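The values are calculated or read from the model by the stated rules, or taken from the named source; none is laboratory data. Note that the coordinates shown come from a computational prediction; the quantities given were computed from them, not determined experimentally. Here the Cβ positions follow ideal geometry from the backbone for every residue, glycine too, while neighbour counts run over all protein chains shown.
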2 protein chains.
Amino acid sequence: MASDSKPPPQTIRGIAKAAGVSTATVSRVINAPNTVKPSTREAVLKVINENDYINDGMARALAGGRTKTIGVAIPTITNSIYASSTQAIQRLCQTAGYAVILVVSDFDPVRERELIRRLVERRVDGIILTGADHDPGLHRVLERHNIPYVVTWRVEAEAAVPCVAFDNYAAGRLAMDHLLDLGHRRIGLICGESGVNDRALQRRKAYCDALADRGIAVDTALIHERAFEFADGYEAAGAILSTPPRASAIFAANDIQAVGAMAACRGAGLSVPGDISIIGFDDLPIAQFSAPRLTTVRVPAADMGRIAAERLLALVDGKPVEGSHILPVDLIVRDSTAPIPT
Amino acid sequence: MASDSKPPPQTIRGIAKAAGVSTATVSRVINAPNTVKPSTREAVLKVINENDYINDGMARALAGGRTKTIGVAIPTITNSIYASSTQAIQRLCQTAGYAVILVVSDFDPVRERELIRRLVERRVDGIILTGADHDPGLHRVLERHNIPYVVTWRVEAEAAVPCVAFDNYAAGRLAMDHLLDLGHRRIGLICGESGVNDRALQRRKAYCDALADRGIAVDTALIHERAFEFADGYEAAGAILSTPPRASAIFAANDIQAVGAMAACRGAGLSVPGDISIIGFDDLPIAQFSAPRLTTVRVPAADMGRIAAERLLALVDGKPVEGSHILPVDLIVRDSTAPIPT
DNA sequence: GTCTTCTATGTAACCGTTTACAATGCGAGG
DNA sequence: CCTCGCATTGTAAACGGTTACATAGAAGAC
């Protein structure tokens, strides 16, 4: 119906022209509606809605300095423990109007470094890191670009960087002491690659120290480092079972591996916990529904994500945030552990 | 050591000045290195590295038109089936140099609509949608802003929009026919909210039709719509077991619910599959490691994610992409189903 | 030596916003 | 009637890149 030669483009200028006002006024309608006269505001909004106009975030970020985006780096999404901490971060940021860019490093520090570089390129307002970043240049880059960040899943050596974590070592001790208190002496360990994953390393250390404290020698033939899938736990347990003298308990530093290990024991004709005790780590939902229900150490993944996000957003707003925040872990005793059979 | 009054800022102009070239040359060093003389290139790169300069993606997006970012909308991350399709998308996009912005709708179409709006605001180059979007305005907005998108987990009614999915209805029939072929006649159903989740709706329909085809009346007391957690499956199975005459089989339209249901049966003193058969849906990793191993329908989640990402990136590159892509599903028979006890 | 072509680089307009500052109009106080 | 202050709106300069076009040499063809 309009006989204008050029349809209004999806830009603030187009909207301004169509509404008969200046670009500044349109911008104000969007960002500070109460500073413009109601009648003008309505007119502008009408044009905006008719055209499904949506403000260009790139241009806004360029001009305004803030992207309202935060970056989250995790090793993997498929492990449900990371999924739940990520979901918590996501939820909080999303509610606060921030978008979340997720990068997945697959436990590869080199790749992580490159991905973080891309986050900087995208001028995220802040970053949440998971675990240790082995690349030394990372902190420098982040600092140079003035990007605040918080580290989760591990407390950083330098007190300056804010962390939200729990004590992996203490948690590992909790699990081991439970088994030792039940009388177990020959205990297998299944955990992640301690060379590439500092959480795995801490737990392995807890395993060794707990044994040492009771005067038990560590038998490395009972230690198996694997990826975090059921199949890996299954296979590792098989290896432990076939190493005589047969262990009476297994500490799986991850519930997934623990459930895989239970399946292996079942497959070998062993009863859990009658013949062999198994303890996990994480307290994933599956722990309550496995057969038998899994004894494990509860890790506050969602809390960790939420708190990390809260702290990061505070940092982004320029509020100071004190050092590290350590969350408690709990031993959850269920049905997969029992006193050593006599 | 330099006595210049102003340190070079983290901008292309700063780098240009420090390297004694023009901004165009710096830009070329970054985007088309082979068009600049090697000696000049080295000099510029040196300055870039010394300063940890990272190109501003916002400015680049503004000037260049592409953000190299794609948006992914999913209902939840914590359900491992979405996690794995998301991971596949993530991996492919990341490799192709695209960042992924993840938005989580929690099965709420209104929220989803708002979140998609934000993706448009961020000028993502493309969007991957999950399942049905109930908001009618969505397609219009996306089209108006010229943002290509593909729909996963469901084939869209309009042939024009590219989809990557499998046939939920057929998959549901597959599961039901398996139970019916084993002789089961009184079968419970546990599924998601069919009102808000069209995948759940399709599976429920398959359940009803399969029964009808064999002349069995549907007893709505055996149908339970719940959320996708173990606990929900557990509780729903409890309800089914206490509805006489007792069902001899349960179709859980989700492996998580199925495992929860198995726990409930075990708790009620019933043997699976001796007393009652249970079939799941999805073929999550847990299905192979539950006790007993779960019979289920394998859903090609990772493939779906990968293919959806491939198609989207093709669209983004302006290549045409034909209509819907339907992936096959398989019945995976394990140990949780057996002929009806005589 | 002149004309052409090619390579390497510089100049400056433009991308779509925000925002400091200026300008306008109007009512009130004196 | 003049001056001031306030509410409302407009003007134009950033923000940090990309890129079409112009320019300057150098090399090659004649």
Can you work out which of the residues in region B:284-325 that are of a type in the set (Val, Ile, Thr) and under 15 Å from the mean Cα position of the chain (by Cα) is surrounded by the most Cβ atoms within 10 Å (Cβ to Cβ)?
-> B:299
Quick one: count up the residues across region B:20-36 that are away from chain A (no Cβ under 14 Å), loosely packed, with under 13 Cβ neighbours inside 10 Å and within 6 Å of DNA strand D (Cβ to nearest atom).
-> 1
Any chance residue B:199 is outside any helix (DSSP H, G or I), basic (Lys, Arg) and more than 14 Å from chain A (Cβ to nearest Cβ) = no
Could you pull out the residue among B:62, B:45 that is more than 9 Å from chain A (Cβ to nearest Cβ), among the aliphatic types (A, V, I, L, M) and farther than 23 Å from residue B:311 by Cα?
-> B:45
Tell me, which helices (runs of 4 or more DSSP H) lie completely within region B:12-67 with 2 or more residues that are within 40 Å of the chain's Cα centre (by Cα) and within 9 Å of DNA strand C (Cβ to nearest atom)?
-> B:23-31, B:57-64
Starting from residues that are touching a residue at least 12 places away in the same chain (Cβ under 8 Å) and more than 16 Å from the chain's Cα centre (by Cα), keep the ones in region A:103-114 and report whichever is farthest from the other protein chains (Cβ to nearest Cβ).
-> A:110
Just need a number here: residues in region B:68-81 that are within 16 Å of DNA strand D (Cβ to nearest atom) and over 15 Å from residue B:128 (Cβ atoms).
-> 1
Region A:68-83, subset part of a loop (DSSP other than H, G, I, E, B) and within 11 Å of chain B (Cβ to nearest Cβ), residue farthest from residue B:118 (Cα to Cα) = A:79
Counting just the residues of region A:46-63 that are within 12 Å of DNA strand D (Cβ to nearest atom) and not acidic (Asp, Glu), which one comes out nearest to residue B:67 (Cα to Cα)?
-> A:58
Note on region A:303-312: residues in contact with a helix residue (DSSP H, G or I) (Cβ under 7 Å, 6 or more places away or on another chain) and over 20 Å from residue A:170 (Cβ atoms) are A:305, A:306, A:309, A:310
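Residues checked against (1) within 13 Å of another protein chain (Cβ to nearest Cβ); (2) closer than 30 Å to residue A:127 by Cα; (3) among the polar types (S, T, N, Q):
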{"position": "A:261", "(1), (2), (3)": "yes, no, no"}
{"position": "A:265", "(1), (2), (3)": "yes, no, no"}
{"position": "A:271", "(1), (2), (3)": "yes, no, yes"}
{"position": "A:279", "(1), (2), (3)": "no, no, no"}
{"position": "A:305", "(1), (2), (3)": "yes, yes, no"}
{"position": "A:310", "(1), (2), (3)": "no, yes, no"}
Which ones in region A:155-188 are part of a strand (DSSP E or B), in contact with a Leu (Cβ under 6 Å, 6 or more places away or on another chain) and of a type in the set (A, V, I, L, M, F, W, C)?
-> A:166, A:187
Residues of region B:84-100 that turn out to be assigned to a helix (DSSP H, G or I), within 7 Å of another protein chain (Cβ to nearest Cβ) and either touching a Leu at 6+ places or on another chain (Cβ under 6 Å) or over 30 Å from residue A:286 (Cβ atoms) (or both), as a count = 0
When residues of region A:114-130 are limited to those that are of a type in the set (A, V, I, L, M) and not in a helix (DSSP H, G or I), the one surrounded by the fewest Cβ atoms within 10 Å (Cβ to Cβ) = A:127
For residue B:86, are the conditions met, namely being in contact (Cβ under 8 Å) with a residue 12 or more places away in the chain and either over 25 Å from residue B:106 (Cβ atoms) or near DNA strand D (Cβ under 10 Å from one of its atoms) (or both)?
-> no
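For (1) of a type in the set (Ser, Thr, Tyr); (2) surrounded by fewer than 22 Cβ atoms within 10 Å (Cβ to Cβ), each residue gets a yes or a no:
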position: B:164; (1), (2): no, no
position: B:169; (1), (2): yes, yes
position: B:176; (1), (2): no, no
position: B:182; (1), (2): no, yes
position: B:193; (1), (2): no, yes
Identify, by number, the condition in (1) touching a helix residue (DSSP H, G or I) at 6+ places or on another chain (Cβ under 6 Å); (2) within 16 Å of DNA strand C (Cβ to nearest atom) that residue A:92 doesn't meet.
-> (2)
Which numbered condition residue A:184 fails, given (1) more than 23 Å from residue B:287 (Cα to Cα); (2) within 14 Å of chain B (Cβ to nearest Cβ); (3) not polar (S, T, N, Q) | (2)
Residue A:51, sole failed condition from (1) within 9 Å of another protein chain (Cβ to nearest Cβ); (2) closer than 18 Å to residue A:309 by Cβ; (3) surrounded by fewer than 17 Cβ atoms within 10 Å (Cβ to Cβ) | (2)
Within region B:98-113, is even one residue over 25 Å from residue B:133 (Cβ atoms) and loosely packed, with under 13 Cβ neighbours inside 10 Å?
-> no
Subset of region A:131-153 (residues that are assigned to a loop (DSSP other than H, G, I, E, B) and buried (at least 21 other Cβ atoms within 10 Å of the Cβ)) | A:131, A:133, A:148, A:153
Test: residue in region B:267-278 that is crowded, with 18+ Cβ neighbours inside 10 Å and either under 23 Å from residue B:167 (Cα atoms) or at pLDDT below 95 (or both) | yes
